[in-house]
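Structure incoming, see below.
The values are calculated or read from the model by the stated rules, or taken from the named source; none is laboratory data. Not measured: the values here are computed from a predicted model. No Cβ is skipped: glycine too gets one built from the backbone with ideal geometry, and neighbour counts run over all protein chains shown.
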Amino acid sequence: MGKYFGTDGFRGEANVTLTADHAYKVGRFLGWYLGKNKDKTARVVVGKDTRRSSYMLEYALVAGLVASGAEAYMMHVTPTPSISYITRTDGFDCGVMISASHNPFTDNGIKLLNENGEKADDELIARVEEYLDAENQELPFATGDKVGRIIDYASGRNRYIGYLISLGMYSFRGVKVGLDCANGAVWNIARSVFEALGATTYVIHSEPDGTNINLGCGSTHIESLQRFVTEHKLDIGFAYDGDADRCLCVDEKGRVLTGDHILLLYAKYMKGRGKLVTNTVVATVMSNLGLFKALEAEGIEAAKTAVGDRYVYEYMKEHGNKLGGEQSGHIIFSKYATTGDGILTSLKVMEAMLANKTTAGKMYDMLTMYPQTLINVKVQDKSAVREDEGVRAAIAEAEEKLGDNGRVLVRESGTEPVVRVMVEASSERECKKLAAKIAAAVASVGKPRKKK
């Protein structure tokens, strides 16, 4: 990760750590660099979510693009996966999404995608960051008929909707579906897709006002969808995040199907049809132990990556895997997309449910989740924690007690002065006890230890 860009783009508080000037400079550099490298006018497609600052950052970025001679195609409010889809199918040199995903409205972000709709490579990110920090690096302005054009490209969003509808293998007629749009990028898209496929569709949190994106709603605040599904006696519900690259599910009893549930149920569905190429599901180290044990029982291999859907996709691409994702709901179906896609994920869950003539509740029951405790410990020196003998001893003791019936994960946050302690065990009591002991060891690093 660089100074500005992390695993999911340049993200920060709008006009504090991510300003309109940053956006303008990113646009200036992309328009110049992509055009120079390809020896032609660069074509860049741009989208945004519904937060108030997205308009400011979008216009600033587009101004930078055209000032450097690029053509900027504006898809306006649209989900991140639609930018990925249109970038790769319509031959764009780059895609840009203005969004801070599941963060509150005060934050925002800039996500860069390459010509294949994949997250931009480290080389491009490094060059952008170098330009952002340069004091005297002047880029040439386009003049005359070389000044770039701005093109309305709402038609791209409509084609993306058509693509999703075309993937529906079964009619949803007779199924009552609830959709929580998080007051975000799919507020006017998700309903169209489900109604086109025949579902009786109920939508909540689809009235964005610029400040209510993710506010008490969406995949990170799924409680309102749980209540809505049970109160209205719906068959299933889906919750998206602000830019709709993730999706979680609620069954008819109001229980939450995490990304781990979705990976298991769709892996079993694919294997039953002979479609699970490589017989492997790619997950992250944060996926629940229950997922790995359930996959093993089904004779399905599991690969683990670092946390971040970028790492999941990179592993899938390298090894030819077709299914991967995160517990948080970033699910990647590589046959259809190069990034997580919330609506696509919900369509695939519906497909598996209808094909197997089952219910969301029965799909939930496929996976027994291990109790999990996560403690975030603020530290002054993360590297000192890594080398501390007391921390190592506490981890080793916990691992010995758990054996094959649990696991310990201690990892450093990439963005905060925090060490995350996660313990899974067969009982919640044991989870909390062991996690607390390791967390105490982490917190004591750098402090005088009591003599025994």
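Mind counting the residues in segment 358-395 that are of a type in the set (A, V, I, L, M, F, W, C) and within 27 Å of ALA294 (Cβ to Cβ)?
Adding up the residues that qualify gives 8.
Return the pair list, or none, for Cβ contacts closer than 6 Å from residues in segment 229-255 that are farther than 18 Å from ALA337 by Cβ and outside the structural domain of SER82 (by TED's automatic domain parsing) to residues that are charged (D, E, K, R) and not in a loop (DSSP other than H, G, I, E, B), at least 6 apart or on different chains.
Correct list of pairs: LEU234/LYS176; ASP235/LYS176; ALA239/ASP180.
Here's another thing I want to ask about it. Take the conditions surrounded by fewer than 20 Cβ atoms within 10 Å (Cβ to Cβ), closer than 22 Å to GLY237 by Cα, assigned by TED's automatic domain parsing to the domain that holds THR280 and of a type in the set (D, E, K, R) and apply them to GLU314. Does it pass?
So GLU314 does not fit the description; no.
Kindly list, by first and then second residue, each pair from a residue in segment 323-350 that is under 14 Å from GLY168 (Cβ atoms) and not assigned by TED's automatic domain parsing to the domain that holds LYS268 to a residue that is charged (D, E, K, R) and surrounded by fewer than 24 Cβ atoms within 10 Å (Cβ to Cβ), limited to pairs with Cβ atoms under 7 Å and residues at least 6 apart or on different chains.
none
Would you say THR338 is of a type outside the set (Gly, Ala, Ser), touching a Ser or Thr at 6+ places or on another chain (Cβ under 9 Å) and crowded, with 20+ Cβ neighbours inside 10 Å?
yes
Still on this structure, please answer the following. I'm checking my understanding of the structure. Among residues of segment 116-137 that are touching a Lys or Arg at 6+ places or on another chain (Cβ under 6 Å) and not charged (D, E, K, R), which one is nearest to TYR33 (Cα to Cα)?
Here is the first cut: in segment 116-137, the residues touching a Lys or Arg at 6+ places or on another chain (Cβ under 6 Å) are 116-117, 119, 129, 132.
Then drop every residue that is not not charged (D, E, K, R), which leaves 116-117, 132.
Values: ASN116: 17, GLY117: 18, LEU132: 13 Å.
Among those residues, the one meeting the criterion is LEU132.
If the requirement is being surrounded by fewer than 24 Cβ atoms within 10 Å (Cβ to Cβ) and on the phi > 0 side of the Ramachandran plot, which of these qualifies: GLY329, GLY320?
On the way: GLY329 fails: surrounded by fewer than 24 Cβ atoms within 10 Å (Cβ to Cβ).
Going through GLY329, GLY320 in turn, just one is surrounded by fewer than 24 Cβ atoms within 10 Å (Cβ to Cβ) and on the phi > 0 side of the Ramachandran plot: GLY320.
Just to check your reading of the model, which residue among TYR269, TYR240 is of a type in the set (Phe, Trp, Tyr) and more than 20 Å from HIS102 (Cβ to Cβ)?
That would be TYR269, the only listed residue that is of a type in the set (Phe, Trp, Tyr) and more than 20 Å from HIS102 (Cβ to Cβ).
Can you pull out the residues in segment 39-54 that are under 17 Å from GLY12 (Cβ atoms) and not polar (S, T, N, Q)?
Hits for segment 39-54 are LYS48, ASP49, ARG51, ARG52.
Being more than 28 Å from ASN183 (Cα to Cα) and either in contact with a Ser or Thr (Cβ under 9 Å, 6 or more places away or on another chain) or surrounded by 18 or more Cβ atoms within 10 Å (Cβ to Cβ) (or both): is that true of GLU115 here?
So GLU115 passes the test.
Would segment 133-154 turn up any residue that is under 19 Å from the mean Cα position of the chain (by Cα), more than 30 Å from ILE189 (Cβ to Cβ), surrounded by fewer than 13 Cβ atoms within 10 Å (Cβ to Cβ) and modelled with pLDDT under 95?
Checking segment 133-154: not a single residue is under 19 Å from the mean Cα position of the chain (by Cα), more than 30 Å from ILE189 (Cβ to Cβ), surrounded by fewer than 13 Cβ atoms within 10 Å (Cβ to Cβ) and modelled with pLDDT under 95.
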